[in-house]
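Let me begin by presenting the structure, written as structure tokens, before commenting on it.
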Amino acid sequence: MAELGYISLVLALVGAIFALVGFVYGGKEKASWLNRNARKSAIGVFILVTVAVIILEAALLTHQFEFKYVYQYTSTDMSPLYLFSGLWAGNAGSLLFWAWMLSICGFILVLRQRPGKRELTPYTLAVLVFVQIFFIILVLFFANPFARLDASIFPVVPSEGVGMNPLLENPGMLFHPPTLIAGWAIFTVPFGFAVSALLNNKLDNTWISQSRRWAVMAWLLLGVGNILGAWWAYAELSWGGYWTWDPIENAGLIPWLLSTAFLHSMVVQKRRGGFKFWNFSLAAAVFIAIILGAFLTRSGVLQSKHTFLPSAMDGFFLALLIITIITSAGLIIWRRKGLKTDMAIANLVSREATFLLSNVLFVGAAVVILAGTLSPLLPGSPTMDATFFNRAVLPIFVGVILLIGLCVAIGWRRPQARKIKFTYIVSALLSLVATAAIIVAGFREWYALIPGFVALFAVFSSIIVWTGDCLSRRRALSENFFRSAFNLIRTNRARYGGYLVHISIAIMAVGVIGSTTYDTEATAVLAPGDTMTVEGYEITYESLMGSGDGSRMEVWAEVTVNKNGRLIGTMEPLKLFHRSYEGAMSKVAIRYSLVEDLYISLTGWEPIDENDLNQGYWAGFMAKVIPLVSWIWVGGFLLLAGGLICYWPKGKKEPASSSEE
């Protein structure tokens, strides 16, 4: 099986090289026969890489420990779901998965291109195949998942593998890595369209139209992937937070910020013919940020708990990064005259102006995060901690959320003063009432109340405008309210999906503000029957129990939780020991609610009397009450829903409403 997987990749490399030559010369010479054969090769590459993935998955699921990769990342006591996720658990497997995603993109792009709309396709596919070749080479020569164990060290195939790090055996492992990798891979297509448009000197809206849905899907996967990663850290790492501004976390966030700016710019070019320079620059910037993130993840140049071990492939990622920067900058400079537009922002109170400002804010945030992330590489520069990022970036994010609330009522070209005034006044009044209620409840920190007010303003303004559009349609077409709402989404998915995304971002902001400002922590060492309190919760330690086998052992505490004299339930924080990993790993107990989460971690234990273990054990606990944090995950679901609405194919066109002007 190992040899078959490796041979499949070798053949895929040969096919990809042939496809690259065919697409480059076919695009240059307009040779249809070359393009035709190159497309067939691209399909063949997809089939061959898929065969390699199937072989590796089969080896993971059937415990083929003669594979070094299978031995390192799986064991016989793992569930099938986590065995399946072993594909992206290690460096070699994740690179193969990336190459597979690229091959899927190429396959779809080949099949979906209709006759008469293929002018940009050859060079787009050439870029995609070039990146495929890069990753297949890395897999074949630097991170081969089909390599066998060294016979001099393992003369007999082991009957058991090392196994996955227990911290990775979490539902987040099933979704977080593949969504991020898929998002990174998919954005190669919009970048390829941008390069193709520059090479063909076709700088109109064609490449925007053909790459839009690819860009939306990549953006959506990156956004959902980052949120899943935050939830995973929150649920698994036992410190009660979800974002540490770690270099690899930042490497996932920066492309999402830039791609958000890119999506806004695409709208302006499609509607008004402007922002051409922005679009080409942002398409390149997103792809460059993706390659930079891959380099940081796999090079070890920055200290992070997420990085793979350094390897000889570091130089290849750096070379690809340099090639991409030079090529992108050169093409944009070459076509700079064609990127000028006649669109002028005549009115600062217009959607064009707000989109421009949003681009400045998103790019500014990305630049600040990048500078802080790379600061340790500069001689004499200190490592920037979370305090720097919070002070430098969070004000920009507050500006973004304020802009969400302001721009939703503003149309293209000319403002509708009456609509704007009504939306802003009602939204501000509702936000003031909500803020006053928060103050009465005892939360008076101005540094939380101000951004909280802004986030509420953004939510209310989006809802008011959406409701107004529904009522206008209801009056015009005599539909009931809910049917009007559904039909508005159906006929203008990009607009109303965008509204839902804006609401989701504001809701997540509320969750971030509440969870970071008003969280409360308490620690205690308790004997069985003792109680600790935190924010009205009474946590009673009942007993310490344990179980295990030769592979792993779990020790957990049973605690009962009461609030205001009412039994909430039983919670069981635990520590896990694994035969292949040193030390104990915490598995926290969390009681989720929309108001606040109760978060309990078992920190340690020791016998009350070493000579009489029947007396039980002292146990240490860390308990936190974290307000509103669940709204971050609610916002994530809304982001997913809004993104899918934006991505879905267009419905039946109807005349634009007055609010679109």
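The values are calculated or read from the model by the stated rules, or taken from the named source; none is laboratory data. Keep in mind that what you see is a predicted model, and the values were worked out from it rather than measured. Cβ: placed from backbone, ideal geometry, glycine included. Neighbour counts: every protein chain shown. Note: accessible area is taken over every heavy atom of the protein model, side chains too, but ligands, DNA and RNA are not part of it. Shrake-Rupley method; radii C 1.70, N 1.55, O 1.52, S 1.80 Å.
Structure data summary
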read-out: Sole exception among (1) touching a Gly at 6+ places or on another chain (Cβ under 9 Å); (2) within 30 Å of GLY163 (Cβ to Cβ) for ILE608, by number; value: (2)
read-out: Which numbered condition PRO382 misses (of (1) in contact (Cβ under 8 Å) with a residue 24 or more places away in the chain; (2) in contact with a helix residue (DSSP H, G or I) (Cβ under 9 Å, 6 or more places away or on another chain)); value: (1)
read-out: Residue pairs meeting the criteria (Cβ under 8 Å; at least 6 apart or on separate chains; first touching a residue at least 40 places away in the same chain (Cβ under 8 Å), in segment 320-343; second buried (at least 17 other Cβ atoms within 10 Å of the Cβ) and of a type in the set (Ser, Thr, Tyr)); value: ILE332/SER281
read-out: Residue ranges of helices (runs of 4 or more DSSP H) in segment 1-108 with at least 3 members assigned by TED's automatic domain parsing to the domain that holds PHE130, polar (S, T, N, Q) and out of contact with any Lys or Arg (no Cβ under 8 Å at 6 or more places or on another chain); value: 32-61
read-out: Options LEU394, LEU378, LEU318, LEU357: the member that is open to solvent by 60 Å² or more (accessible area, probe 1.4 Å) and under 19 Å from the mean Cα position of the chain (by Cα); value: LEU394
read-out: Complete set of residues in segment 239-265 that are hydrophobic (A, V, I, L, M, F, W, C), at pLDDT below 95 and over 13 Å from PHE287 (Cα atoms); value: TRP239, TRP243, TRP245, ILE248
read-out: Odd one out for GLY274 among (1) out of contact with any Gly (no Cβ under 8 Å at 6 or more places or on another chain); (2) of a type outside the set (A, V, I, L, M, F, W, C); (3) closer than 23 Å to CYS646 by Cα; (4) not in a loop (DSSP other than H, G, I, E, B); value: (4)
read-out: From the options MET545, MET532, residue that is among the hydrophobic types (A, V, I, L, M, F, W, C), free of Cβ contacts under 8 Å to residues at least 24 places away in the same chain and not assigned by TED's automatic domain parsing to the domain that holds CYS407; value: MET545
read-out: Residues that are surrounded by 17 or more Cβ atoms within 10 Å (Cβ to Cβ) and in contact with a Lys or Arg (Cβ under 8 Å, 6 or more places away or on another chain), drawn from segment 520-537; value: VAL534, TYR537
read-out: Of all residues in segment 543-594 being open to solvent by less than 50 Å² (accessible area, probe 1.4 Å) and not in a strand (DSSP E or B), the one that is modelled with the lowest pLDDT; value: SER551
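Per-residue answers, yes or no, for (1) hydrophobic (A, V, I, L, M, F, W, C); (2) touching a residue at least 12 places away in the same chain (Cβ under 8 Å); (3) in contact with a strand residue (DSSP E or B) (Cβ under 7 Å, 6 or more places away or on another chain):
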| position | (1), (2), (3) |
| --- | --- |
| PRO155 | no, no, no |
| GLY161 | no, yes, no |
| THR188 | no, yes, no |
| TRP214 | yes, yes, no |
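For (1) assigned to a helix (DSSP H, G or I); (2) of a type in the set (A, V, I, L, M); (3) open to solvent by 20 Å² or more (accessible area, probe 1.4 Å); (4) within 30 Å of LYS340 (Cα to Cα), each residue gets a yes or a no:
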position	(1), (2), (3), (4)
PHE134	yes, no, yes, no
PRO155	no, no, yes, no
PRO178	yes, no, no, no
GLN210	yes, no, yes, yes
LEU228	yes, yes, yes, no
TYR234	yes, no, no, no
